[in-house]
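Encoded as structure tokens, the structure appears first; notes follow it.
The values are calculated or read from the model by the stated rules, or taken from the named source; none is laboratory data. Computed from a predicted model, the values in this text were never measured in an experiment. Virtual Cβ from ideal backbone geometry, glycine too; neighbours counted across all protein chains shown. What goes into the accessible areas is simple: the full protein's heavy atoms, side chains included, and nothing from ligands, DNA or RNA. Shrake-Rupley method; radii C 1.70, N 1.55, O 1.52, S 1.80 Å.
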Amino acid sequence: MLKKSFARQFLFRQRPWLWKLVLILVLLSSLGVRLYDLTDLPLDFASTRQLFSALKARGMYYQHLGGIPEEKRTLAVNLGKVGDLEPPVIETIVSLTYHLTGEHLWIARVYSSLFWVLGGLALFLLIKEMTSAWPALIGTLFYLFVPFGVIASRSFQPDPLMVALIVYSLWALFRWQNTHAWKWAVILGLLGGLAIYVKLVSVFFVAGAFAGVALGILGWRRAWRDPQVWTIGVLFLLPSLIDTLVGVLSSSISVGGYLSLRFFPNLLIDPAFYFRWDWVIGQVTGFGASLLAALGIFLADPRRERPMLAGLWIGYLLFGLTFNYAFYTHYYYQLPFIVLVALSFSPALQALFDRFFERSPGVFARLVVIGLIVGSTAVQAWYVRDQLLEDYRPETAFWSELGDILGEESSVIGLTHDYGYRLAYWGWKPSASWFSSADFNVRYMAGMDLDLLQMFQEDTAGKQYFLVTMLDDFNSQVEIHDLLFTHYPVYVQGEGYIIFDLDHPLSADTP
């Protein structure tokens, strides 16, 4: 009897405290995986986007930093003026922390990881309320340990915080759906509004799920007359509306600007686009998980679970069709899909576990399940560890040296990594950016007619040096490659870079 009782406790039967302990261990271990190789440079994933935030945060930090030369403060602030994509929420948090710790890029990695992991707590609670503890555990493990999600959720950008807020919004939505209480209506509105404020694209998921519940459960007539529905809608928009009215965001941000070079109507009728979309899904979540998630919708309770899931899927599809080009070129656009898959395959897992424990009620079967879960999770964590082994720290010296070679007073244009952000961050050197081959291709897709010679003349006007660090891309741009080597002397050339002297052309007829 003692052995049986111990086994039942160990296997979580009617032992809530054991589930809490397991959840805490899962959350802490997933945070530990994300903090592996903590101090490496943020070049392992979406480096351009991460350095965009890094420059902005450093500029905000130096703006109020005492005890430094005014010239360095001005340079840091100017280098941080990289534009506005979203409200600088994560950048502000990191810059304020710098005042306590000093400037360390890994601080952003800690915050992003923590936001994502805390989202796992809400996801567990949501799935457990939808189904039961076993599907909640597996769904949460999937969210926390799927390799793409681990690596992307460490990145210095607003997406990890956005996804966490989406998860909390969905949890509040499910509570509101089941209680129709004003308390949950307000919580849902505030959380959803924060998610939309942090990054506008979250509206597809927050509003999509809300619309699914409002229309699928309340019906459009009742929803139209429901004051809670209107309150939630207003709260969704309120933070972004206030931000716009007080002028925190640059007036240059608009829906048109947000969609610029991210949406191409012709892709909607191109079968290759949908094949690429499917391939990206496979890379992010795996084909099996996404297939199980699609099937899970049909196993979900038609009144209790399916409306929210259907709204999420419709929102995701609209998101993909709206940002169709960026959807398969910028993988971090798929981060909310991890949440969607974890939620959607939960009804299928519930059906599987019901049948499994009915057919195999013994302790041994549960031990097998636990062993498979632990083993699979460990494999995923080890795979992530292998992916994080590459050391990017030598990049600091490379870009710092380039900054010294170019000097403080020179004016530079370059075909360089991350549009010059690496040179700006570690070399403290501003530069204009020459288009990469990918930049040219996307503009040709948009129907632009580009005159390379005219572009070169306009972009290099007043510039002293043309820096090249993307050597393979440079070699593929044959016309620009030949123009520079034919008409301009090489100022300095080293391992991984070439600097052309634009001030001293080789002949008078140089373009």
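Under 5 Å between amide hydrogens, built in the peptide plane, is the criterion, and for Ser433 it picks out Gly414 among residues at least 5 positions away or on other chains. If you average the C-alpha positions of segment 59-137 and of segment 317-375 separately, how far apart do those two centres end up, in angstrom? Going from one Cα centre to the other spans 28 Å. Does segment 293-374 come out rounded, prolate or oblate by the C-alpha gyration tensor, with a ≥ b ≥ c the root eigenvalues, rounded set by a/c under 1.5 and, if not, prolate when a/b is larger than b/c and oblate if not? Oblate, since a/c reaches 1.5 and b/c is not below a/b. For segment 35-117, applying the loop criterion from DSSP together with a ceiling of 11 other beta carbons within 10 Å to the chymotrypsin sites (Phe, Trp or Tyr not before Pro) yields no site. Please say if the chain is rounded, prolate or oblate, where rounded means a/c under 1.5 for a ≥ b ≥ c the square roots of the C-alpha gyration tensor eigenvalues, and otherwise the choice is prolate for a/b larger than b/c and oblate otherwise? Prolate. Using the Cβ-Cβ distance between Ala272 and Glu409 with R0 = 60 Å, the FRET efficiency computed as 1/(1 + (r/R0)^6) comes to roughly 0.80. Would you mind classifying segment 51-119 by shape? Square roots of the alpha carbon gyration tensor eigenvalues, ordered a ≥ b ≥ c; an a/c under 1.5 is rounded, otherwise it is prolate if a/b is larger than b/c and oblate if not. Oblate is the answer for segment 51-119, as a/c is 1.5 or above yet b/c matches or exceeds a/b.
Between segment 138-168 and segment 287-309, the C-alpha centres lie 20 angstrom from each other. In the context of the full set of protein chains, residues of segment 315-361 present 34 Å² of accessible surface per residue (probe radius 1.4 Å, heavy atoms only).
Beyond 21 Å in Cα-Cα separation lie the following of the pairs Lys128/Lys199; Lys56/Lys429; Lys72/Lys199; Lys429/Lys463; Lys56/Lys199: Lys128/Lys199; Lys72/Lys199.
Counting only protein heavy atoms and a 1.4 Å probe, tell me what percentage of the chain's accessible area is made up of carbon and sulfur. Here carbon and sulfur together make up 64 percent of the probe-accessible area. Residues in segment 114-231 average 31 Å² of solvent-accessible surface per residue, probe 1.4 Å, ligands and nucleic acids excluded.
When shorter helices are ignored and each DSSP H run of at least 4 residues is given -39500 (n - 2.57), the per-residue value for the chain at 222 nm works out to -21000 deg cm²/dmol.
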